[in-house]
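Before any comments, here is the structure.
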Amino acid sequence: MKPALVLALLIGAAVAGPAHAQSAATEGQKLAFDRGKGNCLTCHMIKGGDLPGTIGPELKDIKTKYPNRDDLVAIVSDETKRNPQTVMPPFGRNRILSEKEISAVVDFLQTL
């Protein structure tokens with residue numbers, strides 16, 4: 001492969017990276033706030049959300065609390081593996097959200 005083409009591909013990937021992350025976070029917020037999908041507001045207070053619940057903790061400082069993204073994916077996918085007594089729905093195990101949707105929700109949560 002020619003060096004100029006490799007450089008162009010690398011620059012393109014670098015430019016698309018932040019834009020893709022922002023797009024995924026925006027999609028994740030839509031899913032999190034959607035009462036028929038993620039429905040996070042039923043239990044959690046989230047900045048920008050209407051009519052939040054108080055069953056779960058307020059979702060803020062998520063990157064500080066969960067610096068390992070995989071931990072957050074596991075929680076959203078099936079928190080019962082970590083905490084069998086949780087009331088949080090297993091969004092992945094019960095196929096409420098797809099892996100791609102869970103990833104988008106996690107992208108959004110990491111912005112909080």
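Quick check on segment 22-58: of everything there that is part of a loop (DSSP other than H, G, I, E, B) and hydrophobic (A, V, I, L, M, F, W, C), which residue is surrounded by the most Cβ atoms within 10 Å (Cβ to Cβ)?
Filtering first and then ranking leaves ILE46.
Could you tell me how many of the residues in segment 59-112 are within 19 Å of LYS47 (Cβ to Cβ), part of a helix (DSSP H, G or I) and in contact (Cβ under 8 Å) with a residue 24 or more places away in the chain?
Number satisfying all stated conditions: 10.
Quick note: the coordinates plus some simple rules give every number you see, no bench work behind them. All values reported here derive from a predicted model rather than from experimental measurement. All Cβ positions, glycine included, derive from the backbone under ideal geometry; neighbour counts span all protein chains shown.
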